[in-house]
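Read through the structure below, which is laid out as structure tokens, and then see the notes.
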Amino acid sequence: MVGAYGDNTSTGSAYVFAKPGSGWANMTQTAMLTARDGSIVVRLGYSLAISGDIIVVGALVGDENSTGYAYVFRKPGRDWVDMTETLKLATIDKAIYNYFGASVAINSDTIVVGAYGENSFTGAAYIFGIYNNNFPWQIF
């Protein structure tokens with residue numbers, strides 16, 4: 001995966017590359033991941049994480065108040081294809097300048113999203129988990 005948060009006039013995107021059977025070589029992306037609400041400046045691709053068939057992409061500046069988001073993409077079948085998010089994660093309060101999505105991590109059924117601007121730049125980490133072995137995700 002490669003994040004391109006300045007792509008498309010700073011809307012951003014993420015690119016997925018799949019290793020071909022012949023090995024890594026000069027190639028183009030397998031899929032381009034974008035945000036459904038990409039008409040606003042989101043900086044999608046600022047942070048990235050992958051676990052199995054799920055990719056999480058952080059969007060540092062999700063709106064005009066620098067309230068970020070994290071976008072979850074689930075591989076739609078056997079191969080990755082160009083697509084928009086399966087799910088969008090946000091904080092409940094959507095605090096101004098929280099920079100939610102500045103960092104993301106995923107391990108199996110747990111997603112952690114960092115927001116270094118939360119609480120007057122003290123920062124916070126938000127933990128989301130799979131509910132009943134399926135989407136939607138829920139906050140713990």
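The values are calculated or read from the model by the stated rules, or taken from the named source; none is laboratory data. All values derive from a computational prediction rather than experimental measurement. With ideal geometry, Cβ positions are generated from the backbone for all residues, glycine too; neighbour counts draw on all protein chains shown. Protein only, heavy atoms only, side chains kept; ligands, DNA and RNA dropped before computing areas. Shrake-Rupley method; radii C 1.70, N 1.55, O 1.52, S 1.80 Å.
Data for the structure
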| item | result |
| --- | --- |
| Test result for ILE55, open to solvent by 70 Å² or more (accessible area, probe 1.4 Å), outside any helix (DSSP H, G or I) and either touching a residue at least 60 places away in the same chain (Cβ under 8 Å) or within 29 Å of GLU118 (Cβ to Cβ) (or both) | no |
| Residues that are among the aliphatic types (A, V, I, L, M) and at pLDDT 90 or above, drawn from the stretch 112-140 | VAL112, VAL113, ALA115, ALA124, ALA125, ILE127 |
| ASP93 in a loop (DSSP other than H, G, I, E, B), more than 23 Å from ILE50 (Cα to Cα) and not hydroxyl-bearing (Ser, Thr, Tyr) | yes |
| Of the criteria (1) touching a residue at least 24 places away in the same chain (Cβ under 8 Å); (2) more than 25 Å from GLY123 (Cα to Cα), which one TYR69 fails | (2) |
| Any pair with Cβ under 8 angstrom, 6 or more apart, that starts in the stretch 79-91 at a residue that is more than 14 Å from VAL16 (Cβ to Cβ) and at pLDDT below 90 and ends at one that is crowded, with 18+ Cβ neighbours inside 10 Å and among the acidic types (Asp, Glu) | THR91/GLU118 |
| Filtered residue count, the stretch 7-40, keeping only those that are closer than 17 Å to TYR69 by Cβ and part of a loop (DSSP other than H, G, I, E, B) | 7 |
| Flag if ASP109 is modelled with pLDDT of 80 or more, open to solvent by 20 Å² or more (accessible area, probe 1.4 Å) and charged (D, E, K, R) | yes |
| Yes/no for TYR15 being under 18 Å from ALA124 (Cβ atoms), more than 11 Å from the chain's Cα centre (by Cα), free of Cβ contacts under 8 Å to residues at least 60 places away in the same chain and open to solvent by less than 60 Å² (accessible area, probe 1.4 Å) | no |
| Single unsatisfied condition, ALA102 versus (1) more than 9 Å from the chain's Cα centre (by Cα); (2) under 18 Å from ASN8 (Cβ atoms); (3) part of a strand (DSSP E or B) | (2) |
| Of all residues in the stretch 95-106 being over 18 Å from ALA35 (Cα atoms) and touching a strand residue (DSSP E or B) at 6+ places or on another chain (Cβ under 9 Å), the one that is least open to solvent (accessible area, probe 1.4 Å) | ASN98 |
